[in-house]
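To start, the structure under review is shown below, and the notes come after it.
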Amino acid sequence: MRHLRIFVLLVLFLVTGFCSFAQVEFEADTVPISELQPKHSPRKATIYSAVLPGLGQIYNKKYWKVPLIYGGFIGFGYGINWNNDYYVLYKQAYSDIVDDDPNTNSFKDLAIEGNWDWDNASQVTQFTTRLNNAKNAARRNRDFMIILTAAFYALNIIDATVDAHFFDFDIGDDLTFNWAPGPMYSAGKAFPGINVQIRF
């Protein structure tokens, strides 16, 4: 019985020794395939989209998103310009109505609802209040559109970054669980163990 134990230990020692030697030789003589193929870089996609919106999506090969991005920017730009035009118009009209110069009367050309009697002080006060409210609303809407544009710009960058992270993600149906005997290494020594590999 004692000879059998020595024999089993000797066989295990020789098997693990050869396995560790083969492992060292394998790692020294080969280059992993992942080092030969360039990795898709989320950092590049982020920088590209920050420099020029849509460029990160082109880098990620999501070409269909580029017209959506530029369509969004065109829409927000139109909204900013439209609200800013009304804000400038109402601001000038409000400035004209509150000053004492009778020659500045651009407010009379505005199409604000109602028939206004410019000689009636209460109607002028009411008109001035409505004009001030319209001016403030146009300014608020313009500023809100600017904030939405900045958020859309940030969303473009986030979208490119997330897409780049998932670019090499395997979405195949191969869900496997493999196990096999193999050496385990601790403090430079090889011990017998089990190698488990799970693929999602």
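Where a number appears in this text, it was derived from the coordinates with a stated rule and is not lab data. These numbers were taken from a predicted model, which means no experiment stands behind them. We place every Cβ from the backbone using ideal geometry, glycine too, and count neighbours over all the protein chains shown.
Key figures
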{"item": "Projected label distance in nm at Asn133 and Tyr86, using a 7 Å step from Cα toward the beta-carbon", "result": "1.4"}
{"item": "Long-range amide H partners of Gly182 with built H, under 5 Å", "result": "Gly193, Ile194, Asn195"}
{"item": "Reach of Lys61 by Cα under 25 Å, taken over lysines that are not fewer than 8 positions away in the same chain", "result": "Lys39, Lys44"}
{"item": "Summed residue charge, Cβ within 15 Å of Asn132's Cβ, Lys/Arg positive, Asp/Glu negative", "result": "+3"}
{"item": "FRET efficiency for Leu110 and Leu155, using Cβ-Cβ distance with R0 set to 35 Å, rounded to 0.05", "result": "0.40"}
{"item": "Set of lysines with alpha-carbon distance to Lys135 below 21 Å, sequence-local pairs under 8 removed", "result": "Lys91, Lys108"}
